[in-house]
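Just below is one structure, and these are the notes that go with it.
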Amino acid sequence: FVFLAPLATVLYARLDKHGIHVDVVVKQAIGLGAMAAAYLILWRATQTVSTTPISVGWFFAAYVLFAVGDVCIWPPQISAVSRFAPARCQSLMIGAWYIAVGVGTWLASSVGALSYTYSLRWLVGWILVLCIVSCVSLLLLRPWLNRLLASGEVAV
């Protein structure tokens, strides 16, 4: 699903051309919303797991939404880190971002291990709730975050 990144770039450029600017916070919220939709599909699929095999269609739909979420989250994050970091430590900040991604991936493996303790439906349901709460929180904090980013107070 690598072709989604250029499509997102074209979409954002066309929206900008029509006077609709999609800021980094909204892009992150859209990505989290897509992730929530993917987990909603997986959560729904887990309802039938004990009675019938799960169709590959459920996984394909979730995978497409995960790809959309990734395209809306990763590139804007890298762009924001490089844009808002002070020039003298941009490389350091991007490295710190990659370390944070690595720590997040390591934590995700711990969440995966929970599937041995809790049901798959419970685990996917909690991830779904966290995605929704994160998405709504970003949208609620958007005015404050945009003011903070515009003021330059995020500089180290």
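The values are calculated or read from the model by the stated rules, or taken from the named source; none is laboratory data. A quick note: this is a predicted structure, and the numbers were derived from the prediction, not measured. Heads up, the Cβs are rebuilt from the backbone with ideal geometry, glycines too, and the neighbour counts pull from every protein chain shown. Side chains included, ligands, DNA and RNA excluded: accessible areas come from the protein's heavy atoms. Shrake-Rupley method; radii C 1.70, N 1.55, O 1.52, S 1.80 Å.
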query = Taking only DSSP H segments of four or more residues, each worth -39500 (n - 2.57), what value at 222 nm results for the chain once the sum is divided by all its residues, to the nearest 500 deg cm²/dmol?
reply = -27500 deg cm²/dmol
note = Taking R0 as 41 Å and r as the Cβ-Cβ distance between Leu107 and Lys17, the FRET efficiency 1/(1 + (r/R0)^6), rounded to the nearest 0.05, comes to 0.55
message = Taking 0.36 nm per residue of sequence separation and subtracting the Cα-Cα distance, how much length would be gained by fully extending the chain between Tyr63 and Ala96, in nm to one decimal?
response = 9.1 nm
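Find, among the chymotrypsin sites (Phe, Trp or Tyr not before Pro) in region 93-156, those assigned to loop by DSSP (not H, G, I, E, B) with at most 14 other beta-carbon atoms within 10 angstrom.
Details: sites: Trp97, Tyr98, Trp106, Tyr116, Tyr118, Trp122, Trp126, Trp144; in loops: Tyr118.
Filter output for region 93-156: Tyr118.
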message = As I understand it, the value is the acute angle between the Cα axis of helix 90-113 and the longest principal axis of the Cα atoms of the chain; what does it come to in degrees, rounded to 10?
response = 10 degrees
note = Rounded to the nearest whole number, the Stokes-Einstein translational diffusion coefficient of region 105-156 at 10 °C and 1.306 mPa s (Kirkwood radius, C-alpha pairs) in µm²/s is 118 µm²/s
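Over the chain, calculate the relative contact order: mean separation of alpha carbon pairs under 8 Å at least 6 apart, over the residue count, as a percent.
Details: 126 pairs, mean separation 56.5, N = 156.
This gives 36 percent for the chain.
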request  = Could you estimate the translational diffusion coefficient of region 3-124 from the Stokes-Einstein equation, with Rh from the Kirkwood formula over C-alpha pairs, at 4 °C and 1.567 mPa s, in whole µm²/s?
outcome  = 77 µm²/s
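At 1.4 Å probe radius, can you tell me the per residue accessible area of region 24-156 in Å²? Before the final figure, lay out the partial values.
Working: 8210 Å² over 133 residues.
Ligands and nucleic acids excluded, the figure is 62 Å² per residue.
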query = Cα extents of region 30-78 along the three principal axes, largest first, in whole Å?
reply = 43, 14, 11
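Quick one: pull the percent of accessible area on the chain belonging to carbon and sulfur, 1.4 Å probe, ligands and nucleic acids left out.
Details: 7280 of 10090 Å².
Taking all protein chains in place, the chain shows 72 percent carbon and sulfur surface.
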query = Which angle from 0 to 90°, rounded to the nearest 10, does the C-alpha axis of helix 24-45 make with the longest principal axis of the chain?
reply = 0 degrees
query = Of Ser91, Gln47, Tyr12, which is farthest along the charge dipole of the chain in the positive direction, counting Lys and Arg as +1 and Asp and Glu as -1 at C-beta?
reply = Tyr12
ask   = Mind checking Rg over Rh on region 60-129, alpha carbons, Kirkwood formula for Rh?
value = 1.10
